[in-house]
Amino acid sequence: YGRPKLKGRDEATLMPTGQPWRTGADAATVITTDKPLTFGKVVLQPGSYTINTQPGATSWELIFGKLGQAGQWGVPYLPALEIARTPMALQKLKKPVEELTISIDQQGARQRLRIEWGTVSATAPFSIGK
């Protein structure tokens, strides 16, 4: 995924509240899995999916989409390719993160997808099927 840097810019402008955001830079951010992944009520079968987010004041939504083509650009947002949304918990970070970071953490028997940039940390728990 593309990892933009804040470079002194206002994070609210880069991650606008209430609008789908490409969650990265340049080419679309893509998650690829060879096992089913379950995010809340959303089940992703093995394959590749785009990741977007919709920032909110108190929570975010993680948006999964179809990968329309290899090398698909991250903007404009293409609502016709959207397949599902799941909520993300939101926390404010004490120390700002300069470069967008997407990671997967172990959380007990489950995992969580974590997106951090600026003073925001948004997480979505998920489980891996067999």
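The values are calculated or read from the model by the stated rules, or taken from the named source; none is laboratory data. Note that the structure is predicted; figures quoted are calculated from it, not measured. All Cβ positions, even for glycine, are placed from backbone atoms using ideal geometry, and neighbour counts span all protein chains on display. With ligands, DNA and RNA removed, areas are computed over all heavy atoms of the protein, side chains included. Shrake-Rupley method; radii C 1.70, N 1.55, O 1.52, S 1.80 Å.
A few notes on this one:
- Straight-line cross-link reach from LYS7 at under 17 Å between alpha-carbon atoms covers these lysines, not counting any fewer than eight positions away in the same chain: LYS95.
- What a 1.4 Å probe finds exposed on the chain is 54% carbon and sulfur by accessible area, rounded to a whole percent.
- Residues in the range 71-90 reached by a label modelled at THR33 [backbone nitrogen below 20 Å; 7 Å Cα→Cβ]: 81-90
- Loop trypsin sites (Lys or Arg not before Pro), the range 15-101 (other Cβ atoms within 10 Å of the site Cβ: 13 or fewer; DSSP): LYS41
- Rolling a 1.4 angstrom probe over the protein heavy atoms with all chains in place gives the chain an accessible area of 56 Å² per residue.
- Qualifying lysines (Cα of each under 18 Å from Cα of LYS130; at least 8 residues distant if same chain): LYS35, LYS41
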